[in-house]
Amino acid sequence: MPNKKQFKPLAQIILKLKTEDEVYDLLSRILTPQELNQLPTRLEIFAMLKKGIPQREIAKKLGVGIA
């Protein structure tokens, strides 16, 4: 797994973005189409985990695997 220092250039680019279009443009250039399609679900999983919802409940609700 990459360390935090390796993500610094990406973080600096993201912090400069001002519009949703700029964010989408960046993501569409650095992610594969499949990764881009999976991103909304991953963000929903992340939000649910932050709320303390158990992984099994998230998997059932979203129709995804536990891993």
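Take the conditions open to solvent by less than 60 Å² (accessible area, probe 1.4 Å) and either of a type in the set (Lys, Arg) or not in a helix (DSSP H, G or I) (or both) and apply them to Ile66. Does it pass?
no
Take the stretch 21-63 and flag every residue that is open to solvent by 100 Å² or more (accessible area, probe 1.4 Å) and over 15 Å from the mean Cα position of the chain (by Cα).
Once the filter is applied, which keeps residues that are open to solvent by 100 Å² or more (accessible area, probe 1.4 Å) and over 15 Å from the mean Cα position of the chain (by Cα), the stretch 21-63 yields Asp21, Lys51, Gln55, Arg56, Glu57, Lys60, Lys61.
Taking the condition of being more than 25 Å from Val64 (Cβ to Cβ), polar (S, T, N, Q) and assigned to a helix (DSSP H, G or I), how many residues in the stretch 1-37 meet it?
Here the count works out to 2.
The values are calculated or read from the model by the stated rules, or taken from the named source; none is laboratory data. Note that the structure is a prediction, hence the values are computed from the model and not measured. Neighbour counts are summed over all protein chains in view; Cβ atoms, including those assigned to glycine, are modelled from backbone coordinates with ideal geometry. Ligands, DNA and RNA are stripped out before the accessible areas are found, and what is left, the full protein with its side chains, is counted by its heavy atoms. Shrake-Rupley method; radii C 1.70, N 1.55, O 1.52, S 1.80 Å.
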